[in-house]
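*Asks:* For reference, the structure I am asking about is given below.
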Amino acid sequence: MTTNTEEQGNSLDMVKWGVVILLLAAAVIGNQYYSEASVLVRALAVVAAFAAAGVIALQTAKGKMALAFARESQIEVRKVIWPTRQEALNTTFIVLAATGVLALILWGLDAVLLRIVNFITGV
């Protein structure tokens, strides 16, 4: 009995995903087909079609999982301890300094290797 319910839910999800794909395709094709219509009207129609597709997609099992993931992610972001402005500036300056030093080292190494290659090839 459980497998029958799962199969029913799975086939209903497939129908919902089919409707989502049809809505998105209709939005894209309709936007192209009615190119002589007002840009505002076409934009509103595309936004409405995308919103309807999103609402339908959120009604599927995968959509519900994605929505739950987004909510849990939002909760986790609230738990993050963000650096102060001074800490962010210090870290930025350290990264810039390290990048500059590495760039100078690579420039010097490139110059040395270029001279070696020129010496070997006789150019």
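Readers should treat all values here as calculations from the given coordinates under stated rules, not as data from a laboratory. Owing to the predicted nature of the structure, the values given are computational and were not obtained by experimental measurement.
*Asks:* Bin width 10 Å, alpha-carbon pairs only: give the P(r) of the range 82-123 as whole percents, running from 0 to the bin holding the largest distance.
*Replies:* Distribution as computed: 27, 26, 19, 15, 10, 3 percent.
*Asks:* If you fit an axis through the alpha-carbon atoms of helix 61-79 and take the longest principal axis of the Cα set of the chain, what angle between them do you get, 0 to 90°, nearest 10?
*Replies:* 50
*Asks:* Enter the angle in degrees (range 0 to 90, nearest 10) between the Cα long axis of helix 2-33 and the first principal axis of the Cα atoms of the chain, meaning the one along which they spread out most.
*Replies:* Once rounded, the angle reads 70 degrees.
*Asks:* Could you give the angle, 0 to 90 degrees to the nearest 10, between helix 85-121's Cα long axis and the longest principal axis of the Cα atoms of the chain?
*Replies:* Helix 85-121 sits at roughly 60 degrees to that axis.
*Asks:* Please compute the Cα-Cα pair-distance distribution of the range 1-80 with 5 Å bins starting at 0, giving whole percents from short to long.
*Replies:* Pairs per bin, as whole percents: 3, 14, 16, 15, 14, 12, 11, 8, 4, 2, 0.
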